[in-house]
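Working notes, beginning with the structure itself.
The values are calculated or read from the model by the stated rules, or taken from the named source; none is laboratory data. Small disclaimer: the values here were computed from a predicted structure and weren't measured. Neighbour counts are summed over all protein chains in view; Cβ atoms, including those assigned to glycine, are modelled from backbone coordinates with ideal geometry. Heads up: the accessible areas ignore ligands, DNA and RNA and are worked out on the full protein's heavy atoms, side chains in. Shrake-Rupley method; radii C 1.70, N 1.55, O 1.52, S 1.80 Å.
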Amino acid sequence: MNLYIRYFDSETLVTNVDDALYFLDGIREIGMNDRIANDVREYFESDNRFPKRYKVRPKIYFIMIKTDANTMEEFKDYRNRSGNQPEPQQSYSPKQQRNTSFAEHPQAPFARETKRKDKTSSLYDECFGWYEGAFDFKRVVTLPYTGKNEYRDTHFVVRCKAMSGIDCYNRIIDHLSERVDKRSQFPSAKGKNFSFRFLGFCKEK
């Protein structure tokens, strides 16, 4: 089992954990230390086949993916083929369209939408690129005149770079957790209140 590692635009595919640690040690922003080295080694030697997004510090991550590919070309070829599946375009109700600052992109290559019947499996499909994630959550707001709090239904849509649907979901949660009241209630990634779609490998203007 080999290991693909990506940190922003720096990436590598290695066959052993020592090469993985050497690659990470060469990226100054990561600040390689014994904790990171032990975590990478533990992931490499474990039976876990899910991608791992490792948080170095707030908003700084690198991604690790176990793969049977022996070269970077094989890995990217598999990734491209797994993402090149046409799916129906996502549609929003008029109310949702007013709440989002993003236009639809029917021409986006490799665009796809989560379907309820296979959502659990598609959450973990690996394809690095730009994703659009949307969910409805209960946001705690403070009323200015009474000082009382109430839950308010909020529709949130964002675009971000991610490795998969679940990675997109986690990035949204990380973003909102630092900006809304801690008592706000977020939906499950597998529930009907979260949806995502893959936009492509490059951000559209």
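Applying the criterion of being of a type in the set (Gly, Ala, Ser) and surrounded by 15 or more Cβ atoms within 10 Å (Cβ to Cβ) to the residues of the stretch 120-142, the residue that is farthest from residue 184 (Cα to Cα) is 129. Under the condition of being over 17 Å from residue 122 (Cβ atoms) and of a type in the set (S, T, N, Q), the residues counted in the stretch 175-205 number 3. Every residue in the stretch 8-31 that is surrounded by 19 or more Cβ atoms within 10 Å (Cβ to Cβ) and within 21 Å of the chain's Cα centre (by Cα), please. Answer for the stretch 8-31, where residues must be surrounded by 19 or more Cβ atoms within 10 Å (Cβ to Cβ) and within 21 Å of the chain's Cα centre (by Cα): 13, 24, 30. When the residues of the stretch 148-173 are narrowed to those that are surrounded by fewer than 14 Cβ atoms within 10 Å (Cβ to Cβ) and among the basic types (Lys, Arg), which ends up nearest to the chain's Cα centre (by Cα)? Ranking the qualifying residues of the stretch 148-173, first place goes to 152. Within this structure, residue 145 passes the test of being free of Cβ contacts under 8 Å to residues at least 12 places away in the same chain, open to solvent by 70 Å² or more (accessible area, probe 1.4 Å) and either out of contact with any Asp or Glu (no Cβ under 8 Å at 6 or more places or on another chain) or outside any strand (DSSP E or B) (or both). Close Cβ contacts (under 6 Å, 6 or more residues apart or on different chains) running from residues in the stretch 14-29 that are free of Cβ contacts under 8 Å to residues at least 60 places away in the same chain to residues that are in a helix (DSSP H, G or I) and open to solvent by 80 Å² or more (accessible area, probe 1.4 Å) comprise 17/41. On inspection, residue 44 passes the criterion of being of a type outside the set (Lys, Arg), out of contact with any Gly (no Cβ under 6 Å at 6 or more places or on another chain), crowded, with 17+ Cβ neighbours inside 10 Å and at pLDDT 90 or above.
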